[in-house]
Amino acid sequence: VSSSSGEYGETGDRGGGLVGYADGSISVTDSYTSGSVSSNSDAGGLVGRNDGDANLVDVRVEGSVSSSNSHGGGLVGDTGGKKDYAYVDNATVLGKVSGQVGVGGLIGRNDGETVVNDSYISKKVNGCCTEYGEQRKRIGGLVGHSTQDTEVRNSHAENVDGDKAVGGLVGNSGGKTN
């Protein structure tokens with residue numbers, strides 16, 4: 001996907017500004033979306049969920065992203081394959097990102113190694129939408145939950161709120177965080 005723009009709203013699962021679900025790796029370059037994205041789970045400003053590697057370079061999301069349940073990310077809600085690699089370079093998210101579990105300003109959840117370079121979110125990353133006393137957990141300014149190593153370079157987030165496993169950059173990492 002290259003040089004794209006659009007608006008998207010979805011009340012089911014896997015809502016994305018450009019792609020709701022990709023069965024395999026995905027590469028998005030020189031692209032942006034505007035408007036809000038919302039879904040029950042796997043909500044992303046660009047991609048709701050992909051089962052493979054994610055390569056996101058020179059991308060921008062101008063609207064808010066909301067997942068009423070799990071996996072909300074300013075760029076990608078969930079890269080849900082087995083031990084996938086997520087690479088983000090020169091990404092900007094200008095809207096608020098919210099959800100209950102696995103919520104990140106850029107990536108909600110990645111099942112593999114994650115690298116974030118020269119990227120930021122300018123609004124709040126908010127663990128929200130809790131029902132029945134459940135905790136708002138795995139909330140990160142850039143990455144909510146990564147199952148493997150996470151590397152962050154020259155990147156920042158403004159404001160993060162949650163209850164458990166909350167981090168300014170990474171909420172929860174199953175490996176090393178650099």
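The values are calculated or read from the model by the stated rules, or taken from the named source; none is laboratory data. This structure is a prediction, so every number in the text was calculated from the model and none was measured. Every residue, glycine as well, gets a Cβ built from its backbone with ideal geometry; the counts of neighbours run over all protein chains shown. Each accessible area value is taken on the protein alone, full model and side chains, heavy atoms only, with ligands, DNA and RNA left out. Shrake-Rupley method; radii C 1.70, N 1.55, O 1.52, S 1.80 Å.
Using 0.36 nm per residue of separation minus the Cα-Cα distance, give me the extension gain between ASN55 and ASN159 in nm, one decimal.
This chain segment gains 34.9 nm when fully extended.
Report which label in (1) 14.6; (2) 22.6; (3) 20.9 holds the value of Kirkwood radius over Cα pairs in Å derived from the coordinates of this structure.
(1)
Computing the accessible area with a 1.4 Å probe over protein heavy atoms, can you report the carbon and sulfur percentage for segment 69-130? Walk me through the numbers on the way to the answer.
On the way: 710 of 1750 Å².
Using a 1.4 Å probe with all protein chains present, segment 69-130 comes out at 41 percent carbon and sulfur.
Express the accessible area of the chain per residue in Å², computed with a 1.4 Å probe while the remaining protein chains stay in the model. Each step should come with its number before you reach the end.
Values: 7180 Å² over 178 residues.
Value for the chain: 40 Å² per residue.
From the alpha carbon gyration tensor of segment 32-110, can you work out the equivalent ellipsoid semi-axes (sqrt of 5 times each eigenvalue) and give them in Å, largest to smallest?
After scaling each eigenvalue by five and taking roots: 17, 15, 8 Å.
Taking trypsin sites (Lys or Arg not before Pro) that fall in a DSSP loop and have at most 12 other Cβ atoms within 10 Å as cut points, what is the longest piece of the chain between them?
It works out to 84-175.
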